[in-house]
Amino acid sequence: TVFPLPDDVQNFTGGGGETPVNFQTNLSLDEVIEFYRAAFAEQGLTERTLLTVISDTTFSIVFDGSPNGQAIVVQGVDLGAGINVNIRFENI
């Protein structure tokens, strides 16, 4: 996949390349948010803060600047026993 992944990915689904991915991680919600903010900033992408939504149990963050011209959407849900993360390209 073209998306960066944390070290402890579990139950990964998704193909290679630019297809959407879904997985679980034992990182906290805040750690997942921090991981993707740092990883995508390192790639030169910028967070579209107008679309950032973070609550106690969920988050949705959008990053612009991908070479394919699409936005990258990262969403997470706290399942209680880990975080479910979904990442995909979207025309927003």
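The values are calculated or read from the model by the stated rules, or taken from the named source; none is laboratory data. Computed from a predicted structure; not experimentally measured. Don't worry about glycine lacking a Cβ; one is built from the backbone with ideal geometry, like all the others, and counts go over all protein chains shown. What goes into the accessible areas is simple: the full protein's heavy atoms, side chains included, and nothing from ligands, DNA or RNA. Shrake-Rupley method; radii C 1.70, N 1.55, O 1.52, S 1.80 Å.
The table below gives the values:
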read-out: Accessible area in square angstrom per residue, the chain, 1.4 angstrom probe; value: 54 Å²
read-out: Label point 7 Å beyond Cα of residue 18 along Cβ direction - residues of region 38-72 with amide nitrogen under 16 Å; value: 45, 63-72
read-out: Accessible surface of region 1-89, 1.4 Å probe, proportion on carbon and sulfur as whole %; value: 51 percent
read-out: Answer label for semi-axes √(5λ) of the Cα gyration tensor in Å (calculated), chosen among (i) 19, 16, 11; (ii) 26, 18, 11; (iii) 28, 18, 14; value: (i)
read-out: Distance (nanometres) between label positions extended 7 Å along Cα→Cβ at residue 75 and residue 7; value: 3.0 nm
read-out: At most 16 other Cβ within 10 Å, DSSP loop - trypsin sites (Lys or Arg not before Pro), region 34-92; value: 48
read-out: 12 Å beta-carbon shell around residue 31, net charge (K/R +1, D/E -1); value: -4
read-out: The chain, relative contact order [Cα under 8 Å, separation at least 6], %; value: 27 percent
